[in-house]
Amino acid sequence: MKFAIMQPYFFPYIGYFELIYRSDFWIVFDTPQFIQQGWIHRNRILHPREGWQFIVVPRKRHPHTARICEIVIAEDEAWRERILGQIGHYKRRAPFYKAVRDLVIDCLYGSFGSLSELNVKSLEKVTAYLGIPFRYAVFSQMEISSMQFEDSTDRAIKVARILGATEYINPPGGAHLFDRDRFEEAGIKLTIQKPVDFVYDCDGYTFEPNLSIIDVMMWNSPDSITRYLESRSQEGI
């Protein structure tokens, strides 16, 4: 079994979904400290004139040591309408605007106890839209969340043993966090995913790499996205 551990990002980029595509089991890692400039509460989409812009979920005030699972959405702000307004410019040219807007609405509207819950719900709905299996557990709700880990390598190896997994997959940006020799000693394969190279036409715009999956879905059908992920899987990592 292949598995991955990742924080619950807000409408993450396609590389995140490639990791889900390649994994048999996913752990939503919601116990690290929340980082203000990270990807838990925001992501990037095309700007109507040039470049990109942030879409952001507002948070209630919290201690700087708060964990991701403890971050609560500031529901008194009209943030949903603001995000829908920000994606409105895609309507002029993006072929899948209506389907993706409906999907975003379905993800954003609801009652959430935390920002992490919103992000997990969004991951469920986006993977369903793309036709990607998404079998997961939330780390803070697992018995192993109370375990002590020396570092990222130790955590991945111990979790792999508990799950009965034989392979751990991680994005390229985190390669420096893992000790390949220790994985080999433990009999667990460490796979570092290659950087994504999915380039697509954005009629009337300049392509910006690694934007939110929202941008990817605006310009590409679910079939074309999964075909790309499948081609990467056949090539190997």
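For this structure, a couple of remarks:
- Candidates Ile35, Ile14, Ile71, filtered to the one that is without any contact (Cβ under 8 Å) to a residue 12 or more places away in the chain and either more than 18 Å from Cys107 (Cα to Cα) or touching a helix residue (DSSP H, G or I) at 6+ places or on another chain (Cβ under 8 Å) (or both): Ile35
- Options Gly204, Gly187: the member that is farther than 24 Å from Arg67 by Cα and touching a residue at least 24 places away in the same chain (Cβ under 8 Å): Gly204
- Entry remark, the stretch 167-215: residues being within 21 Å of Ile87 (Cβ to Cβ) and acidic (Asp, Glu) number 4 in total.
- Cβ pairs under 7 Å, 6+ apart, first in the stretch 208-226 and within 18 Å of Arg93 (Cβ to Cβ), second in a helix (DSSP H, G or I) and among the hydroxyl-bearing types (Ser, Thr, Tyr): Met218/Tyr90; Met218/Tyr97
- Among (1) part of a loop (DSSP other than H, G, I, E, B); (2) at pLDDT 95 or above; (3) surrounded by 15 or more Cβ atoms within 10 Å (Cβ to Cβ), the one test that Asp201 misses: (3)
- Within the stretch 94-142, the set of residues being assigned to a loop (DSSP other than H, G, I, E, B) and either surrounded by 15 or more Cβ atoms within 10 Å (Cβ to Cβ) or touching a Lys or Arg at 6+ places or on another chain (Cβ under 6 Å) (or both) comprises Ala94, Phe96, Phe112, Ser114, Ile132, Phe134, Met142.
The values are calculated or read from the model by the stated rules, or taken from the named source; none is laboratory data. All of these numbers come straight from a predicted model, not from anything done at the bench. Please note: Cβ atoms are built from the backbone with ideal geometry, for glycine as well, and neighbour counts cover all protein chains shown.
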